[in-house]
Amino acid sequence: LGSVRYSWRQSWSTIPSKRPSKTLLPTEENLMYEEPKFKRNLFMQNFKRVYALATVALSLGLWIQRIYNWENKAKSTIALLLYVLLVVTFELYMVPMFAAIVIIYEFLARWVGFKTFETWILNADQQDIANKEEDPDDGEDFSLTAKMKMVMGVCQTVQNSLDLVASYCERVKNVFNWTIPFLSFMAATALISGTILLYFIPLRWLVLCWGINKLTVKLRNPEYEENQEVLNFLSRLPSDVELNQMRIITKESSKRKDRHVQKSRRHK
């Protein structure tokens with residue numbers, strides 16, 4: 001019938017200094033895997049993985065939003081003081097230092113029994129943002145139609161998310177293309193003003209003033225509604241799809257006008 005022959009090579013490094021350096025080299029692909037085809041179970045598994053990461057990020061965002069809204073004045077005051085202290089004393093070497101602290105803390109949390117950062121973030125959110133409904137795959141009466149609806153819902157979410165990201169990227173491109181001259185002129189004026197401001201005022205103090213104003217605006221005016229100036233500005237610009245739709249509409253309207261003029265001439 002045939003036979004299968006295996007061969008391998010095994011080696012040990014006797015010099016400890018070479019072991020860490022080998023991790024920086026490209027990994028050796030000893031096995032060749034076939035590219036997976038589209039499967040509903042695999043698609044839902046990958047979606048749940050992304051959703052789990054998004055849940056942690058959403059919990060962190062809601063925790064920051066509660067601090068921003070001054071729901072707990074003690075925590076918001078501590079956050080404001082820590083922000084001021086961090087901005088005033090921040091140096092570039094602190095970035096790898098903070099990353100090293102996180103790695104060491106996670107190591108101690110798993111060996112000593114502390115709470116991990118992910119647990120802290122999820123516990124900080126009092127609202128239940130996770131989907132508590134039972135997994136439909138576990139039900140016996142989960143029909144094929146319901147499975148298809150679930151997959152189509154996930155595909156629609158992914159499709160809309162991709163459309164949103166592509167639209168904003170195209171709007172940023174259209175700022176530089178002078179698609180709408182007035183908005184491009186506003187953007188150029190704002191960028192020149194920002195350049196002059198950054199030339200005379202250090203970035204540290206600008207970030208400090210911006211953060212203090214952002215954190216205390218709800219304390220000074222509880223009825224203040226949050227405004228995203230950059231996103232609002234970009235929403236005034238059309239994407240490439242909207243531009244094509246506008247061109248089609250203008251062509252059709254121009255054709256209708258030409259037909260109307262021709263008919264009026266004939267009647268005369």
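The values are calculated or read from the model by the stated rules, or taken from the named source; none is laboratory data. The structure presented is a predicted model; accordingly, all values stated were derived computationally and were not measured. Positions of Cβ are generated from backbone atoms using ideal geometry, with glycine treated the same way; all protein chains shown enter the neighbour counts. Protein only, heavy atoms only, side chains kept; ligands, DNA and RNA dropped before computing areas. Shrake-Rupley method; radii C 1.70, N 1.55, O 1.52, S 1.80 Å.
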| field | Gained length - residue 106 relative to residue 90, 0.36 nm times residue gap less alpha-carbon distance | value | 3.4 nm
| query | Going by a ≥ b ≥ c, the root eigenvalues of the Cα gyration tensor, does the range 142-216 fall in the rounded group (a/c under 1.5), the prolate group (a/b larger than b/c) or the oblate group? | reply | oblate
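Could you please put 68, 51 in sequence from largest to smallest accessible area, using a 1.4 Å probe?
Correct descending sequence by accessible area is 51, 68.
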| task | Tally up the carbon and sulfur contribution to the accessible surface of the range 148-210 as a whole percent, 1.4 Å probe, everything protein left in place. | result | 76
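Leaving ligands and nucleic acids out of the surface, order 199, 93 by accessible area at 1.4 Å, largest first.
Sorted descending by solvent-accessible area, the residues read 199, 93.
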| Quick one: ranking 85, 42 by accessible area, 1.4 Å probe, largest first, what do you get? | 85, 42
| Across 39/173; 173/251; 48/147; 173/218; 115/218; 39/115, pairs whose alpha-carbon gap is larger than 26 Å | 39/173; 173/218; 115/218; 39/115
| Points 7 angstrom from Cα along the Cβ direction at residue 163 and residue 150: gap in nanometres? | 2.5
| query | So if we plug the beta-carbon distance of residue 247 and residue 213 into 1/(1 + (r/R0)^6) with R0 = 51 Å, what FRET efficiency do we get, rounded to 0.05? | reply | 0.75
| query | Per-residue accessible area for residue 3 at 1.4 Å probe radius, Å² rounded to 10? | reply | 110
